[in-house]
Amino acid sequence: MSKQFDVIVIGGGPGGYIAAIRAAQLGQSVACIDEWKNSKGGPAPGGTCTNVGCIPSKALLQSSEHYDHASHHFADHGISVSGLGLDVAKMLARKDTVVKQNNDGILYLFKKNKIAFFHGRGSFVKAVDSGYEIKVTGAAEELLVGKHIVVATGSNARALPGTPFDEETILSNDGALRIGGVPKKLGLIGSGVIGLEMGSVWRRLGAEVTILEGLPTFLGAVDEQIAKEAHKAFTKQGLKIELGVKVGDIKVSKKGVSVAYANAKGEAVTLEVDKLIVSIGRVPNTIGLAADAVGLKLDERGAIVVDDACKTNLPGVWAVGDVVRGPMLAHKAEEEGVAVAERIAGQHGHVNFNTIPWVIYTSPEIAWVGQTEQQLKAAGVKYKAGSFPFLANGRARALGDTTGMVKMLADAATDEILGVHIVGPQASELIAEAVVAMEFRASSEDIARICHAHPSLSEATKEAALAVDKRTLNF
Ligand code: FAD
Ligand code: NAI
């Protein structure tokens, strides 16, 4: 006899486990199937985000930033350190502990919300009168039937053609997060989000880092002024970023990796490194789902085709997160998961794609929400821009971190905020105010009239709002 559920979620990453919790809160009987294994073969829910993405990368970014501060910045504060050491094994073990705390937290949440968790691979068998039959293949095999199915199977790292990941020398994000010792020379292909975050970690720990980027522009999706400021800061830190390259043959030997490429001038160059991280984007994952068994429609990229409400071509089958269109971000996956669970329960779930924030956790951090200046120009929207540098912010001076700025873009006629772009300290936290403001369709004047604590970095946001009206007080 197969077990019956109102909702079966396939995939326990941020899209899936959050969808399961919200559905359970709304009174549905819920199962969540996830196949991720920890090093002992046990369940490790949380998906890419928890196991090899957001969480471990931020743990290593934090550890490496402490090391960088102790090595280079404590002296400015009158603190001298002698005998500074680096224990990479301990750093990695701490990261693994942080990951495990998150895995365990999700298992606890499943129990708390009475969600049946199945450790194994979920695949479609067939449509039945009461929904869909789903097979779980794991330690034991089980047959489940769900009235509604939510597919949240995530994404995998994209490899360069002909250069598969071996996770020893040619690394995806997985291998990049567990390099056992600081490589002398580290190469990265792709100066996107992973390239910059992982490149920063290993540079801070002492590696000589070179990033090869195919496009001629740096961080093309980011507001140009912000990207320029970030590029300047990264170059000053010693990250070598080569733009407009065409990567050719990659050869692995006992000594390491050699990457042949043509630089922006078309000259043939070879980069010799100890390890190579390939961070050229991710592909939606439907491996093992047996989408064909029920006729679930995929697009040419392998993503599950969904409408604005995350409905697939099959009645009662939904898909969320990295496996569908849109930005590959954990919080986007979560929002979709919540909205789908609410729609299944007959409510009006909603995701506002215009106010999804982006954060790159480098130093300085980069964060933005809404439209860039390039996008507004291209769309012919008349706008006003205001910016404020952290150099003129008292808290940033006290922190000793005055790189960057807050920039606000507002509609020329209505003053509604259309975009906020930040490069600088704590940009990841500062962006939340901008998201709230945009969600409430605030004007720049609204932010300019709100009392912000002094001294705080958030005063730079208020000053950027004042700058839209050309009346900054401190610059
Ligand atoms: P996933 O997290 O990929 O989860 C999918 C789960 O489904 C996995 O556990 C997988 O094992 C399981 N699964 C797949 N197929 C099956 C099957 N058939 N049966 C059972 N289980 C299955 N995003 C941010 O917002 N902030 C960040 O700071 C950030 N940092 C990142 C850093 C790195 C290095 C990487 C690689 C990504 C980062 N991301 C970040 C992106 C973020 O991890 C993803 O957007 C997010 O994990 C997507 O969630 P998801 O639930 O759609 O899929
Ligand atoms: P990405 O899309 O951010 O960047 C990939 C880069 O590689 C691009 O600049 C692209 O032009 C370049 N590229 C592609 N093919 C190339 C080639 N053959 N040669 C040279 N360059 C090439 O992808 P990335 O960094 O792999 O990250 C994947 C996704 O994971 C991100 O888009 C993001 O959605 C998510 N992520 C989010 C983080 C965050 O929110 N802080 C952190 C890390 C990842």
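Every number here is computed from the coordinates shown, using simple stated rules; none is lab data. Not measured: the values here are computed from a predicted model. FYI the Cβ positions are ideal-geometry reconstructions off the backbone, even for glycines, and counts take in every protein chain you see.
Points to keep in mind about this one:
- Shown in residue order for the stretch 126-131 are the 3J(HN,Hα) couplings computed by the Karplus curve 6.51 cos²θ - 1.76 cosθ + 1.60 at θ = phi - 60°: 6, 7, 10, 4, 9, x Hz (x for Gly and Pro).
- Placed amide H near Gln426: partners under 5 Å, 5+ positions off or other chain: Glu365
- Per-residue ellipticity at 222 nm, computed for the chain from helices alone with -39500 (n - 2.57) per DSSP H run of at least four residues, works out to -9000 deg cm²/dmol.
- Among 55-67, 301-313, the order from most to least packed when residues are scored by Cβ within 10 Å on average: 55-67, 301-313
- Residues Leu466, Leu391, sorted so that the one with the fewest Cβ neighbours within 10 Å comes first: Leu391, Leu466
- In order along the stretch 263-277, the phi-based Karplus estimate (6.51 cos²θ - 1.76 cosθ + 1.60, θ = phi - 60°) of 3J(HN,Hα) comes to 7, 4, 8, x, 7, 7, 9, 10, 9, 9, 9, 7, 9, 10, 9 Hz; Gly and Pro are listed as x.
- Gap separating the Cα centres of the stretch 457-475 and the stretch 1-61, nearest whole Å: 42
- For the stretch 355-468, a/c is not less than 1.5, where a ≥ b ≥ c are the root eigenvalues of the C-alpha gyration tensor, and a/b tops b/c. That puts it in the prolate class.
- Taking every DSSP beta bridge that has both ends in the chain, the antiparallel portion is near 65%.
- Gap separating the Cα centres of the stretch 306-328 and the stretch 218-245, nearest whole Å: 33
- Extreme residue, positive dipole direction of the chain, given options Ile450, Ser428, Ala309 (C-beta unit charges): Ser428
- Think of each Lys and Arg Cβ as +1 and each Asp and Glu Cβ as -1; about the Cα centre, that makes the dipole of the stretch 355-468 roughly 220 debye.
- When peptides 361-373, 329-341 are sorted by average Cβ neighbour count within 10 Å, with the highest value leading, the order is 329-341, 361-373.
- For the stretch 94-100, 3J(HN,Hα) computed residue by residue from phi via the Karplus equation (6.51, -1.76, 1.60; θ = phi - 60°) reads 4, 4, 5, 5, 4, 4, 4 Hz, glycine and proline entered as x.
- The chain - percent relative contact order, Cα under 8 Å, separation 6 or more: 14
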